[in-house]
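In what follows, a structure is listed as structure tokens, so that the remarks can point back to it.
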Amino acid sequence: MPLILTSQHAAHPDSGQVHPVPSEITPRALYATRRQWLRDAVLLGSGGLAASSWSGALAQTSAPVSAATVTRPGKRAALPAVRSSVPGALAVDKLTSYEHITTYNNFYEFGTDKSDPAEYAHTLRTRPWTLSIEGEVGRPLKLGLDDLLKLGAMEERIYRLRCVEGWSMVIPWVGYSLSTLLQRAQPTSRAKFVEFISLADAQQMPGVRSSVLDWPYVEGLRIDEAMHPLTLMAFGLYGEVLPPQNGAPLRLVVPWKYGFKSAKSIVTIRLTEKPRPSSWMLANPREYGYYSNVNPTVDHPRWSQATERRIGEGGLFAPRKPTLMFNGYGAQVAQLYAGMDLRKFY
Ligand code: MTE
């Protein structure tokens, strides 16, 4: 996401980006293969449910499904999940391929080109990992990754991701509502805002040595936004643990806001009485606001937000799709902003 109007940055960030062209595997076919593998893994573990009863068993179960540690040679650990029953959590759009989701990324801690995270993020150490929940809470917590993986029932959520740069994807995440985690820490009545702080370790993250942002990467939500059932703590995608370039081992996903609100590789969640400006607001307050709800009627100062390019669907010259208010999640979230001037609070 470019922030300064230099000749280097003036071009629209989504134009002329050269990134590896992933093989054109039909996303759903690929996903079906992965899911079949997951089924097999769970069937093995459960001591032999009849294959035909699998879908029924999954649909009926409401019990938490703990994260599996089964691995495929050369693949990531599987993260079994039940399909989410949260309203709006299962978009019917065609899925973006795993290859596109994991090779076209924004993760400035590893560089500013879309292909940098896939190339360099393998240096990220995701174990051991500790998440601190602090600030306005009755019960401050320090949780290790294994505890976090067990803390809530893993759900599959299919969300549209709309980047402020004008491109979008459809991603099958695995995780649970952030509220599940926050409730454990018992927010006090003074907790009005939630701050998300990403890891910033120059040893593991070469981009942190650059001054492109004021590290660590910080984002924030109002407490009611953070507690909304669609706000997801994601640990995986496509039925497997997150690859480093997508924000392993845990990241936020707020589907009705521009993608930069969804902080990656989070180490601290702090509940506060007052909001703190995010990294992007500090870098360029004219261009990036605190709310940053997807809104096709409010243009970015340098480009229109009325349309978007769906990654993997036809390349740079394919017809653009109209962008939807709140990225299509208005039925679920519009009431959070009742009475607010959404042009002013961008
Ligand atoms: N989180 C951190 N820590 N660093 C980043 O550079 N980029 C943001 C967001 N979270 C970013 C981040 C932006 S601009 C977007 S669009 C999404 O991550 C991209 O997520 P993806 O690469 O998984 O598609």
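Numbers for the structure displayed
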quantity: Total lysine pairs whose alpha carbons fall under 29 Å of each other in region 79-332 (8 or more apart, or interchain); calculated: 29
quantity: Rounded D (µm²/s) - region 108-214, Kirkwood Rh over Cα pairs, Stokes-Einstein at 4 °C, 1.567 mPa s; calculated: 78
quantity: Rounded if a/c under 1.5, otherwise prolate or oblate - region 79-332, Cα gyration tensor axes; calculated: rounded
quantity: Rounded FRET efficiency, nearest 0.05, which uses the C-beta distance separating LEU90 from SER211 and R0 of 35 Å; calculated: 0.30
quantity: Contour excess over end-to-end distance, with Cα ends at SER304 and ARG83 and 0.36 nm allotted per residue; calculated: 76.1 nm
quantity: Stretchable slack from ASN284 to MET340, in nm (0.36 nm times residue separation minus alpha-carbon distance); calculated: 17.9 nm
quantity: Label-point separation in nm, LYS150 to SER132, each point 7 Å along Cα→Cβ; calculated: 2.4
quantity: Accessible area of region 134-191 belonging to carbon and sulfur atoms, whole % at 1.4 Å probe; calculated: 43
quantity: Within region 79-332, percent of DSSP bridges classed antiparallel, to nearest 5; calculated: 80
quantity: Accessible surface, region 79-332, averaged per residue in Å² (probe 1.4 Å); calculated: 35
quantity: Base-10 log of normalised Debye intensity for region 176-275 (one unit scatterer per alpha-carbon) at q = 0.13, 0.20 Å⁻¹; calculated: -0.47, -1.04
quantity: All-pairs Cα distance distribution in region 206-253, expressed in whole percent, bin size 5 Å; calculated: 5, 16, 20, 18, 20, 14, 6, 0
quantity: Accessible-area composition of region 203-346, carbon plus sulfur, in percent [1.4 Å probe]; calculated: 58
quantity: Region 180-229-region 100-135 distance, computed between alpha-carbon centres (Å); calculated: 15
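The values are calculated or read from the model by the stated rules, or taken from the named source; none is laboratory data. Everything numeric here is computed off the predicted structure, so don't read it as measured data. Backbone-built Cβ (ideal geometry, glycine too); neighbour counts: all protein chains shown. Surface areas here come from the heavy atoms of the whole protein model, side chains and all, with no ligands, DNA or RNA. Shrake-Rupley method; radii C 1.70, N 1.55, O 1.52, S 1.80 Å.
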